[in-house]
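The values are calculated or read from the model by the stated rules, or taken from the named source; none is laboratory data. Note that the structure is a prediction, hence the values are computed from the model and not measured. FYI the Cβ positions are ideal-geometry reconstructions off the backbone, even for glycines, and counts take in every protein chain you see. Quick note on the areas: whole protein, heavy atoms, side chains included, nothing else; ligands and nucleic acids left out. Shrake-Rupley method; radii C 1.70, N 1.55, O 1.52, S 1.80 Å.
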Amino acid sequence: QVQLVESGGGLVHPGASLRLSCAASGIIWSIDTMGWYRQAPGKQRELVAVITSDGRTNYGDSVEGQFTISRDNAKNTVDLQMNTLKPEDTAVYYCYARIKRAKWSLFYEYWGQGTQVTVSS
């Protein structure tokens, strides 16, 4: 079984910073892409940022230049540094990973349970 466990969410004021972390555990052969998506109330889940195993990144348009994604391949972790948070960043943030559980298996997508980020004065 593979698990993605997020941490670091919470309630902050506008302009504050927050760092989310996600750790993948279980039987893992390799991880391709890891990253973060978010879903605000009444909206569709959207891309926040993803990072490949060789460090290539892709950010959602709304967070480009505001958030920074990083990854530790040895620890199977991915972090999201969120700066200058705005009320519109309020959402449940989900960790995502494409994981291969054996050398000859396919990559499958996995999701964390989500962590709430609320930005409010």
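If you take the residues in region 26-35 that are over 14 Å from Trp111 (Cβ atoms) and of a type outside the set (A, V, I, L, M), which one is farthest from the chain's Cα centre (by Cα)?
Filtering region 26-35 for residues over 14 Å from Trp111 (Cβ atoms) gives 27-30, 32.
With the extra rule that they be of a type outside the set (A, V, I, L, M), the set shrinks to 29-30, 32.
Numbers: Trp29: 20, Ser30: 17, Asp32: 14 Å.
Looking at residues that are over 14 Å from Trp111 (Cβ atoms) and of a type outside the set (A, V, I, L, M), I get Trp29.
Residues in region 65-98 that are of a type outside the set (S, T, N, Q), under 16 Å from Ser17 (Cα atoms) and out of contact with any strand residue (DSSP E or B) (no Cβ under 9 Å at 6 or more places or on another chain): how many? Residues flagged as of a type outside the set (S, T, N, Q), under 16 Å from Ser17 (Cα atoms) and out of contact with any strand residue (DSSP E or B) (no Cβ under 9 Å at 6 or more places or on another chain) within region 65-98 amount to 0. Filtering region 78-113 to residues that are open to solvent by less than 30 Å² (accessible area, probe 1.4 Å) and closer than 21 Å to Gln1 by Cβ leaves Val78, Cys95, Tyr96, Ala97, Ile99, Gly112.
Select from region 1-57 the residues that are open to solvent by 20 Å² or more (accessible area, probe 1.4 Å) and in contact with a Cys (Cβ under 8 Å, 6 or more places away or on another chain) and write down the one among them that is farthest from Val117 (Cα to Cα). Per the criteria, the residue is Val5.
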